[in-house]
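Reviewing the structure listed below.
None of the figures in this text is laboratory data; all of them are computed from the coordinates on show. Since the structure is predicted, the reported quantities are computational estimates derived from the model, not experimental observations. Please note: Cβ atoms are built from the backbone with ideal geometry, for glycine as well, and neighbour counts cover all protein chains shown.
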Amino acid sequence: MANKPIVDFEAIKNDLSNVSKPIQVLNENAEITDQEVFDTFSDDDLVEFMKKMVWERALHDQTMNFSRQGRMGFYAPTAGEEASEMGTVLAMKKQDYLLPAYRDVPQLIQHGATVTEAYLWSRGHVVGNKFKARSMMPQIIIGAAYVEAAGVGLGIKKNKEEDTIAFTYTGDGGTSQGDSYEGMNFAGAYQAPVLFIVQNNGFAISTPRVKQTAAPTLAQKAVAAGIPSVQVDGMDILACYAVAKAARDYMVAGNGPVMIETLTYRFGAHSSAGDDPKRYRTKDQEQPWFEKDPLIRLRKVLEDKGLWSEEQEDKLIDEYKASFKEAIKEADSVAPDKVSDMLKRTFEIPTPEMKQEIDKFEAKESK
Amino acid sequence: MAKKTYIQAITDALDIVLEDDPKTLIFGEDVGKNGGVFRTTQGLQEKYGEDRVFDTPLAESGILGLATGLGLTGWRPIPEIQFMGFSFEAVDQIAGQLARMRFRFDGLKNAPVTIRTPYGGGTHTAEMHADNLENFFTGIPGLRVVMPSNPYDAKGLLISSVENNDPVLFMENLKLYRSMKDDIPDGKYSVPLDKANVVREGNDITIVAYGAEVNEALKVADTLAEKNISVEVIDLRTVSPIDTETIFKSIQKTHKVVIVQEAQKMAGVGAQVASAIAEGAILSLDAPVGRVAAPNSVYPFALGEDIWIPRAKEIEEKVNEILNY
């Protein structure tokens, strides 16, 4: 046996942790950490970003109220993730395809679905999925959207659709699914224009990110598929937008997929269905993240510039909440679904046996 | 008209749909240059180019995810799962995604995907290659499951499957691939996706079968014909949906039925047919429903198949038992 080991695995392992710092433009103290990128934004841009985050926070607050009133079906809270969600989705163009996960309802609305449709989706009403946007419905199976996005990306390429890419989202837990690797690997193999976004909010329901994988970053998971990837401060909307836009620009120039890991935090529960974060997180763990609130840092920049005020924000919140109340009223007014219609939309043309079932239900429904 | 094997009939159908509709795509493991491990896609990449017929990485969920996504962007995918046992890797994409697309979007978006996959015992393959998994997949609403028993049907049913806008699982019988030859019309024709076929008319007893067992049932019909017993044989052709009307009509004439399948007996196609008969035609019967199916064990691969799969002998025994009830 040679004295010198043929390979130093420990050194290779340690080297995996040599990763760049997450990309950031504005830190949690509202200090500009990348002036060059910051200067690319006009005052109007900054106000627009703030409005979008206030909108998403108001959507979260109001929708959780509706949920407590028993007026929603399944809904995933989004507070804390506004920079990650709005920052990335604002880089989308109308012609882009969206393959969202269940916590990405705000992006689906930004991409063209109405709030009423989103509420109907939450209730399991088919009208909620009849949005005009180029989007799938929010995906429940984590990872599934990634394999489908590879197909959408290849379809875009085969259609020779110019200035068009696919955006898809999953979470930190989703990266453990085989599908998330298969999706990235297929997109890489076909050089399909897909932006894979991992919103790493630290917890897959209760399982912390460190228990999910030994990989030092989730962004590294793209490396094995030959895909460039990067970590971004997911509480910094300027960084999230700038990176998503750079990724999109890179892809529409004819390059293959990109993966972005946004480091963010879910302030509340996993879902509206009884999850209690107190069971798996301490206040001490939560507090530093609350201080990173993406709204706080941009609000400070805008206030310093004289572009924002508390009154203005309160007025906006009232307007937004009023629109959500209108939306849920509209959702309430949509006629309930019918079993006969559920049967009819299972196949393009109902099978002979289903026709009998349809007749049976239609007779009941017409009474 | 030309004599073609089951496999040539499938290649013929694929050639026609590629020619007919520029939106059709064939992809899967080894389907390109290699023409598929059974040569089903032989020559198609050469003829239609790598854009239309192409190889994929070796991952079944990825293959069907690709199909879902391509479907959403206006394509008509015909993915291949190299052996049906590998489809377990893709169950979410089939059951959780493709089959639900029309229901989710009320038809605004759909998944006109035809999944081709070989299955079926008798060729002594490795484990997870030959399993008859139709029992599993027929329980999925929104998915059509097609199981041709002969080259003529294989071509016509495949053309219908591809042209249909619902997702179809098209199961190709491994044993029949090269063991059967039929006169196949040139050019395009279709066989409906919801009609069983009375392949032999008879008066004394009905055998309901599908896939390779149709040919076993026909052998039994021949043997019994020599004893002046007239057997009617129904080939289901599609196991989702099942054409119960044709079965009921036959039973009303013969009053006896034996249901045959190569798959395990539990909770599957034969059970569904028996249940439909119990609901809709039981008063026409003058003997219990007879069933021939594989034992409810795990599928034994390679030579294990020989003592396990029910064939003509077991069918004949069951038919005699029901006739003499």
Taking r as the C-beta separation of A:SER42 and A:GLU303 and R0 as 22 Å, the FRET efficiency to the nearest 0.05 is 0.80
Quick one: 3J(HN,Hα) in Hz for segment A:311-319, Karplus 6.51/-1.76/1.60 with θ = phi - 60°, rounded, Gly and Pro as x.
4, 4, 5, 4, 5, 4, 4, 4, 4
Long-range amide H contacts for B:THR24: which residues qualify at under 5 Å (H placed 1.01 Å from N, peptide plane, sequence gap of 5 or more or a different chain)?
B:ARG76
Restricting to lysines and to Cα separations under 25 Å from B:LYS265, and discarding same-chain partners fewer than 8 apart, the set is B:LYS175, B:LYS195, B:LYS219, B:LYS249, B:LYS256, B:LYS313, B:LYS318
Based on Cβ point charges of +1 for Lys and Arg and -1 for Asp and Glu, what charge dipole magnitude is obtained for chain A about its Cα centre, in debye rounded to the nearest 20?
1220 debye
Given that compact globular proteins tend to follow 2.2 N^0.38 Å, what is the ratio of the alpha-carbon Rg of segment A:9-336 to that value?
0.96
Percent of Cα-Cα pairs more than 17 Å apart in segment B:197-324, please.
53 percent
Please find, in a Gaussian network model of chain B (springs between Cα atoms separated by less than 10 Å), the residue of B:VAL298, B:VAL191, B:VAL208 whose mean-square fluctuation is greatest.
B:VAL298
Between segment B:187-250 and segment A:1-41, what is the separation of their alpha carbon centroids in Å?
68 Å
On a 22 Å Cα-Cα criterion, which of the cross-link pairs A:LYS329/A:LYS367; A:LYS94/B:LYS109; A:LYS52/A:LYS292; B:LYS155/B:LYS253 come out too long?
A:LYS329/A:LYS367; B:LYS155/B:LYS253
Would you please give the residues with an amide H less than 5 Å from that of B:VAL145, counting only those at least 5 places away or on a separate chain, with H modeled from the backbone geometry?
B:LEU169, B:VAL239, B:SER240
With only alpha-carbon atoms counted, please give the Rg and Dmax of segment B:54-194, in Å.
14.8, 44
Whole number please: convex hull volume per residue, Cα atoms of the protein assembly as shown, in Å³.
197 Å³
Report, by chain and number, residues whose modeled amide H sits under 5 Å from the one on A:TYR97, excluding near sequence neighbours (fewer than 5 apart, same chain).
A:ILE165, A:ALA166, A:PHE167
Hz values of 3J(HN,Hα) by residue in segment B:101-113 - Karplus curve (6.51, -1.76, 1.60), Gly and Pro given as x:
4, 5, 4, 4, 9, 6, x, 4, 10, 9, 10, x, 10
Placing +1 at every Lys and Arg Cβ and -1 at every Asp and Glu Cβ, with all other atoms neutral, what dipole size does segment B:2-184 have around its Cα centre, in debye to the nearest 20?
240 debye
Starting from the Cα of B:GLU50, move 7 Å in the Cα-to-Cβ direction to define the label point; list residues of segment A:150-164 whose amide nitrogen is under 16 Å from there.
A:158
Using only the alpha carbons, work out the radius of gyration and Dmax of chain B in angstrom.
19.4, 60
Straight-line reach from A:LYS132: which aspartates and glutamates have Cα under 15 Å away, leaving out those fewer than 8 places along the same chain?
A:ASP96, A:GLU117, B:ASP106
Potential extension, B:PHE248-B:ARG178 segment - 0.36 nm per residue separation minus Cα distance
21.9 nm
Would you work out the charge dipole size for the protein assembly as shown about its Cα centre, treating the Cβ of every Lys and Arg as +1 and the Cβ of every Asp and Glu as -1, and quote it to the nearest 20 debye?
940 debye
Would you mind computing, in nm to one decimal, how far apart the modelled labels at B:ASN228 and B:ASP286 are, each placed 7 Å from Cα along Cα→Cβ?
1.7 nm
Between A:GLU348 and A:ASN159, take the C-beta separation as r, use R0 = 22 Å, and let me know the FRET efficiency to the nearest 0.05.
0.45
May I ask what percent, to the nearest 5, of DSSP beta bridges between residues of chain A are antiparallel?
10 percent
Picking from A:ILE12, A:ILE165, A:ILE328, which is most flexible by a Gaussian network model of chain A using Cα springs under 10 Å?
A:ILE12
Would you kindly state the longest site-free stretch of chain B, with sites defined as GluC sites (Glu not before Pro) in a DSSP loop (not H, G, I, E, B) surrounded by at most 15 other Cβ atoms within 10 Å?
B:227-325
Above 26 angstrom, tally the Cα pairs of segment A:243-367 and express them as a % of all pairs, no decimals.
65 percent
Using the number of other C-beta atoms within 10 angstrom as an exposure proxy, rank B:ILE259, A:ILE140 with the fewest first.
A:ILE140, B:ILE259
Under the Karplus relation 6.51 cos²θ - 1.76 cosθ + 1.60, θ = phi - 60°, what is the ordered set of whole-Hz ³J(HN,Hα) values for segment A:284-291, x standing for Gly and Pro?
4, 6, 6, 3, x, 6, 4, 6
Antiparallel as a % of all DSSP beta bridges within the protein assembly as shown, to the nearest 5?
20 percent
Nitroxide proxy distance, nm - points 7 Å out along Cα→Cβ at A:GLN312 and B:MET266:
6.7 nm
Report the relative contact order of chain A, percent, no decimals, based on alpha-carbon pairs under 8 angstrom and at least 6 residues apart.
22 percent
So which residue, out of A:GLU348, A:GLU117, A:GLU326, gets the largest mean-square fluctuation from a GNM of chain A using Cα contacts under 10 Å as springs?
A:GLU348
